[in-house]
Amino acid sequence: MTQKAINLENIAKMAQTCFQNNPTIVLGSGSSMPHGLPSMGDLSAYLKANITTDGEAETDAWLLVKAALTNGDHLEAALEGKNLPMSLLSKIVSLTWKCVNEKDFELYCNLTSDPAAYPLGTLLAGLFKSSNAVVNVVTTNYDRVVEFACNSAGLLFQTGFAPGYLQKWESTGGVSFQRGGKEARVVKIWKVHGSLDWFRTSDDRTIGLPVFTLPENGNVPLIVTPGLNKYEKTYEDPFRTTINGADDALKRASAFLSVGFGFRDQHIHPKIIERCREKNVPIVVLARTLTDEAKSFLKAKAGTNYLGIERHDAGSRVYGPSCPDGEIIGEQDLWSLHGFNKLVI
């Protein structure tokens, strides 16, 4: 892409190259925010308003976190490296679950009335109008937006759990679907930080419960919140198997489509860097506002086959190999998944 060639036609060609290579889709919290799900800033505010501490250890530890948030650290940085009491961590997990679940439930209630509200569903359905048998989605989000998007488009998906109201953990490949006697096409969703409907029972079993109210019978949410225990938890299933599956999807990717992902997660972005450096695979990075880490990745580590787009008051700011600092074009909405779909479907 030359300086002169930064126009809608060439942006569309790059987007279509990514789409035609069946990209592994990487989703961060920014991909769920258009659906009303909370940002990391919203979650920080919710925790600050709702955490109540008990005892000196909890109070002292939470004061350090609140001070970091007040000084401008994002939630991940505020929690990182702090030795929080297990009782306080438990409160953070429960309140995080409730904060995300509140908006997730609203989405679920509107699923039948507005199934067209999921551009991700439109994109996934478009990717299956080909010989693609599997589309991989790697997400750090706890919410069920990907699952709702699949439902909105009539697509089957796998998360590692058997279907039903009391879902058994089946690991990767444990569950398969058939249609008309043939292996069905499926969206494999790798939820590397857990999900609102994953729980650990009091007798240490991993189960899936499609609920919208936090169970009070000893079932603990299996979500990995930011902070020190994030890496401790991921040595255990279902996280270990899920991360291994996500790693495989990232390592084998023929292209990447990143939506609302901040490039701050040590589970994911090193694999993307490795693939882009070794194979120079096409990558498109979409975000309302690209993080400094995302811009740094595009500029120095994405190879020579990349496209980054973020919102700008005058339209969209586009990043490419010939314009690593970004060029503004007048087209609105290119940074969103809806805008991307208009380029490729």
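The values are calculated or read from the model by the stated rules, or taken from the named source; none is laboratory data. For clarity, every value in this text was computed on a predicted model and none was experimentally measured. Positions of Cβ are backbone-derived with ideal geometry, glycine not excepted, and every protein chain shown enters the neighbour counts. Side chains included, ligands, DNA and RNA excluded: accessible areas come from the protein's heavy atoms. Shrake-Rupley method; radii C 1.70, N 1.55, O 1.52, S 1.80 Å.
Checked against the criteria, residue 307 counts as outside any helix (DSSP H, G or I), touching a residue at least 40 places away in the same chain (Cβ under 8 Å), more than 16 Å from the chain's Cα centre (by Cα) and under 21 Å from residue 16 (Cβ atoms). Considering 52, 96, 70, the condition of being in contact with a Ser or Thr (Cβ under 8 Å, 6 or more places away or on another chain) and among the β-branched types (Val, Ile, Thr) is satisfied by 96 alone. Looking across region 50-68, the residues that are assigned to a helix (DSSP H, G or I) and open to solvent by 20 Å² or more (accessible area, probe 1.4 Å) come down to 50, 55, 56, 57, 59, 60, 63, 64, 66, 67. The single residue among 124, 64, 95, 84 that is farther than 30 Å from residue 22 by Cα and under 23 Å from the mean Cα position of the chain (by Cα) turns out to be 95. Take the conditions (1) more than 22 Å from residue 277 (Cβ to Cβ); (2) of a type in the set (Ser, Thr, Tyr); (3) in contact with a strand residue (DSSP E or B) (Cβ under 6 Å, 6 or more places away or on another chain); (4) open to solvent by less than 60 Å² (accessible area, probe 1.4 Å); residue 289 misses just one of them, which is (4). Kindly provide the set of residues from region 310-345 that are surrounded by fewer than 20 Cβ atoms within 10 Å (Cβ to Cβ), in a loop (DSSP other than H, G, I, E, B) and at negative phi, ordered by number. 313, 314, 321, 322, 330, 331, 332, 345, listed by residue number. Checking each residue in region 253-267 for being out of contact with any Gly (no Cβ under 9 Å at 6 or more places or on another chain) and either within 22 Å of residue 337 (Cα to Cα) or among the β-branched types (Val, Ile, Thr) (or both) picks out 253, 254, 255, 256, 257. Only one of the numbered conditions (1) within 30 Å of residue 94 (Cβ to Cβ); (2) touching a helix residue (DSSP H, G or I) at 6+ places or on another chain (Cβ under 9 Å) is violated by residue 155, and that is (1). Across region 242-286, the number of residues qualifying as charged (D, E, K, R) and either crowded, with 22+ Cβ neighbours inside 10 Å or within 24 Å of residue 222 (Cβ to Cβ) (or both) comes to 5. Of these, 88, 47, which one is touching a Cys at 6+ places or on another chain (Cβ under 8 Å), hydrophobic (A, V, I, L, M, F, W, C) and in a helix (DSSP H, G or I)? Among 88, 47, only 47 is touching a Cys at 6+ places or on another chain (Cβ under 8 Å), hydrophobic (A, V, I, L, M, F, W, C) and in a helix (DSSP H, G or I). One residue alone among 188, 182 is under 22 Å from residue 269 (Cβ atoms) and either β-branched (Val, Ile, Thr) or out of contact with any Asp or Glu (no Cβ under 9 Å at 6 or more places or on another chain) (or both), and that residue is 188.
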